[in-house]
Amino acid sequence: QVELVESGGGLVQAGGSLRLSCAGSGRIFYTYSMGWFRQAPGKEREFVGGINRSGGGINYADSVKGRFTIFKDNAKNTMYLQMNNLTPEDTATYYCAGRLGGLTMKDGSAYRTWGQGTQVTVSS
């Protein structure tokens, strides 16, 4: 069975940084492509960014380009989301997700394995 667990969320001031972690079970990062998503109360879930199985082909939503960075360490079974220059608009629950295949996708329905989420709150 595969499992994903997010951690690293918290409360930060605008302009601050957080690093989120997504720990995977088994060999998920050798067989799955991955994505980061977020959802704020009353809003739809949105794509943040994704990384191909190979570690290349990284994609970001326009709203986070230049501020967020995705990378992974297969040997540590962990994927990361480095978040810099945070704004109150980044406040949301952040989820990592995986799909069997080599290429990341923006559509959340393509992913069948999800973590429980971690809360990020950015104060003004």
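Computed values, structure above
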quantity: Filter result for THR113 (touching a Gly at 6+ places or on another chain (Cβ under 6 Å) and either surrounded by 16 or more Cβ atoms within 10 Å (Cβ to Cβ) or within 15 Å of GLY24 (Cα to Cα) (or both)); calculated: yes
quantity: Unmet criterion (only one of (1) closer than 19 Å to ALA23 by Cα; (2) free of Cβ contacts under 8 Å to residues at least 12 places away in the same chain; (3) of a type in the set (Gly, Ala, Ser); (4) surrounded by 14 or more Cβ atoms within 10 Å (Cβ to Cβ)) for ALA75; calculated: (4)
quantity: Hits in region 108-124 (condition: under 14 Å from GLU46 (Cβ atoms) and either in a strand (DSSP E or B) or in contact (Cβ under 8 Å) with a residue 60 or more places away in the chain (or both)); calculated: GLY108, TYR111, GLY117, VAL120
quantity: Residues satisfying the stated conditions in region 78-87, i.e. more than 19 Å from ILE51 (Cβ to Cβ) and open to solvent by less than 50 Å² (accessible area, probe 1.4 Å); calculated: LEU86, THR87
quantity: Inter-residue pairs, beta-carbon under 7 Å, first touching a residue at least 24 places away in the same chain (Cβ under 8 Å) and in region 85-96, second among the aromatic types (Phe, Trp, Tyr), 6+ apart; calculated: TYR94/TRP36; TYR95/PHE37; TYR95/TRP114; CYS96/TRP36
quantity: Selection count, region 14-27, where residues are hydroxyl-bearing (Ser, Thr, Tyr) and open to solvent by 50 Å² or more (accessible area, probe 1.4 Å); calculated: 1
quantity: Qualifying residue in region 28-41 (condition: open to solvent by 10 Å² or more (accessible area, probe 1.4 Å), small (Gly, Ala, Ser) and in contact with a Phe, Trp or Tyr (Cβ under 7 Å, 6 or more places away or on another chain)); calculated: no
quantity: For THR104: the one exception among (1) over 24 Å from GLN13 (Cα atoms); (2) open to solvent by 40 Å² or more (accessible area, probe 1.4 Å); (3) among the polar types (S, T, N, Q); calculated: (2)
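The values are calculated or read from the model by the stated rules, or taken from the named source; none is laboratory data. Quick caveat, the model's predicted, so the values are computed rather than measured. All Cβ positions, even for glycine, are placed from backbone atoms using ideal geometry, and neighbour counts span all protein chains on display. In case anyone asks, the SASA skips ligands and DNA or RNA and just uses the protein heavy atoms, side chains included. Shrake-Rupley method; radii C 1.70, N 1.55, O 1.52, S 1.80 Å.
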